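These notes are about the structure you will find just below.
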Amino acid sequence: MSARPVIPAGGPLHGTVRVPGSKSLTNRALVLGALAEGRTVVEAALFSDDTRLMAAGLRVLGFTVEEEPQAGRFIVYGEGGRIPAREAKIDAGNAGTVARFLTAVAALGSGNYLVDGSARMRQRPILDLILALRALGCDAVAPSGCPPVWIRARGLIGGTATVRGEVSSQFLSALLQVAPLAASPVELVVDGPLVAEPYVEMTLGVMEAFGVRVRREDPVRYLVTPQRYAPRTFRVEPDASSASYFFAAAAATGGAVRVPGLGPASLQGDVRFLDVLQAMGCTVEWEEEGVAVLGPVRLRGVDADLSSMPDMTMTLAALAPFTDGTVRIRGVGHIRYQESDRLEALATELRRLGQEVVIYPDGLEVIPRPVRPAVVETYGDHRMAMAFAVVGLRAAGIAIADPECVAKTFPGFFSVLDALLAGRR
């Protein structure tokens, strides 16, 4: 396994950073483009492992998906809700959106389908989605409660399905995307708290952009009548999750970083991480072309509920060693079931760096201590690699193991970081 050379620590970072398109928006647009009737163009799209897995999975299901990475766009030819292939084996890798969304898409077909993935994907829960699809008329099984999933599809009948919200919002998003194409109305009821709810709001926003409306009866009930998706040109916003590492770079070093293309009306819930940075003492400036973060002289500790933006757990944890007080992160117990066991991984690597860490069922607490030099293990998790790179911008002697894992969502991350470092004052 390779390790990136020691990241050069130093003074404040200043610059403008252009981040690639949102993975979450790209993959939703690819799915809805395939379910629409006709040609959809996804512009300013992300080209990464996860989005290429989504495109490949759609092709296996019989859709035509063209890639134009130099132009930054995918072109999808939708079949109006029809799944062309009658048999398919979908490799989701370790991409949760691919496994969950395409399991639901396959349920619309007529035939036999298999959804599988990497060794880690075979440890990631999917049973709640399977049970909900079965309630809507799909014959699907996942004997271990995780992939592989076998689907004997004859389309979705409709009706009422209950889905738990405390493991992943992707289950509800997957169901919402296919519900308009069921034979009769679908009512989806969320059981328990819904984690990462902004991602569901994002799903509803993209569905509306493709011409479908969902009625939310109350906070836990969604009613979807039979409708058709319309093809369109869909422009993807810059990825707010990817931007967070550069906002954190400004916070950690007392610098100033601008990211064009993000606005306060973004469909991405992770832009709310800027509120957390403000609570820690940063200045956030919304500009006509984007947003800028200015780091403080002293970074304050914070007690933050990140249940609505769990991917920001790693970014905030990476800032914890540089705060003047404890950082407590709540509401993220479900991240144990993501690309890695993120709570355990964070605790292990923060302790490797000399930090004092307490793990709770719903999160963790970091008591800052002087940072020790170390090679940080990443567990094949892109967000671990990007977050701990921020630590190395201020603390000397930090290297990142397996830096190539960032290709999952941000293949050019370290090149962009190097360009920002080149302008260090």
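The values are calculated or read from the model by the stated rules, or taken from the named source; none is laboratory data. Quick caveat, the model's predicted, so the values are computed rather than measured. Here the Cβ positions follow ideal geometry from the backbone for every residue, glycine too, while neighbour counts run over all protein chains shown.
Before moving on, here are some points about what is shown:
- Filter pass, R52 being part of a helix (DSSP H, G or I), buried (at least 23 other Cβ atoms within 10 Å of the Cβ) and not acidic (D, E): no
- If you go through segment 180-193 and keep only what is in contact (Cβ under 8 Å) with a residue 40 or more places away in the chain and within 28 Å of G333 (Cβ to Cβ), you end up with L188, P193.
- Segment 337-358, residues that are touching a residue at least 12 places away in the same chain (Cβ under 8 Å) and farther than 24 Å from M121 by Cα: L350, R352, L353, G354, Q355, E356
- In segment 349-393, of all residues being under 17 Å from T253 (Cβ atoms) and not in a loop (DSSP other than H, G, I, E, B), the one that is farthest from the chain's Cα centre (by Cα) corresponds to G392.
- Pairs linking a residue in segment 81-97 that is of a type in the set (A, V, I, L, M) to a residue that is part of a loop (DSSP other than H, G, I, E, B), with Cβ atoms under 6 Å and 6 or more positions apart or on different chains, are I83/L61; I83/L108; I83/G109; A85/L61; A85/G62; A88/L61; A92/G117.
- All told, D239 meets the bar of being buried (at least 23 other Cβ atoms within 10 Å of the Cβ), acidic (D, E) and either within 30 Å of R164 (Cα to Cα) or in contact (Cβ under 8 Å) with a residue 40 or more places away in the chain (or both).
- The listed residue being within 19 Å of V236 (Cβ to Cβ), buried (at least 17 other Cβ atoms within 10 Å of the Cβ) and β-branched (V, I, T), out of V224, V206: V206
- Any hit, segment 99-109, residues being more than 26 Å from L156 (Cβ to Cβ), touching a Ser or Thr at 6+ places or on another chain (Cβ under 9 Å) and either in a helix (DSSP H, G or I) or in contact (Cβ under 8 Å) with a residue 12 or more places away in the chain (or both): no
- Only a single criterion out of (1) modelled with pLDDT under 95; (2) within 24 Å of G93 (Cα to Cα) is not satisfied by D341, namely (1).
- Condition check for R52 on (1) over 19 Å from the mean Cα position of the chain (by Cα); (2) under 24 Å from Y113 (Cα atoms); (3) basic (K, R): one failure, at (1).
- Positions within segment 190-216 being assigned to a helix (DSSP H, G or I) and of a type in the set (G, A, S), in sequence order: G205, A209
- Selection within segment 110-141 - surrounded by 20 or more Cβ atoms within 10 Å (Cβ to Cβ) and either at pLDDT below 95 or not in a helix (DSSP H, G or I) (or both): Y113, V115, G117, R124, P125, I126, L136, C138, A140
- Every listed requirement among (1) touching a strand residue (DSSP E or B) at 6+ places or on another chain (Cβ under 6 Å); (2) at pLDDT below 95 is met by P180 save one, (2).
- Flag if Q338 is polar (S, T, N, Q) and farther than 26 Å from F410 by Cα: no
- Selection within segment 255-289 - more than 24 Å from P321 (Cβ to Cβ), surrounded by fewer than 20 Cβ atoms within 10 Å (Cβ to Cβ) and either of a type in the set (K, R) or touching a residue at least 40 places away in the same chain (Cβ under 8 Å) (or both): P260, G261
- Selection from segment 12-47 of residues that are basic (K, R) and within 25 Å of T253 (Cβ to Cβ): R18
- Among residues of segment 195-208 that are at positive phi and assigned by TED's automatic domain parsing to the domain that holds V178, those with a beta-carbon under 9 Å from a residue that is modelled with pLDDT of 95 or more and acidic (D, E) at least six positions away or on a different chain give the pairs A196/D311.
- Residues of segment 217-233 classified as part of a loop (DSSP other than H, G, I, E, B), touching a residue at least 40 places away in the same chain (Cβ under 8 Å) and not β-branched (V, I, T), total: 7
- Inspection of segment 326-335 finds a residue satisfying the criterion of being more than 19 Å from the chain's Cα centre (by Cα), over 30 Å from Q123 (Cα atoms) and not assigned by TED's automatic domain parsing to the domain that holds A119.
- Cβ-Cβ under 9 Å pairs, at least 6 apart or on other chains, segment 387-410 side closer than 12 Å to E339 by Cβ, far side at pLDDT below 95 and of a type in the set (D, E): C405/E339; K408/E339
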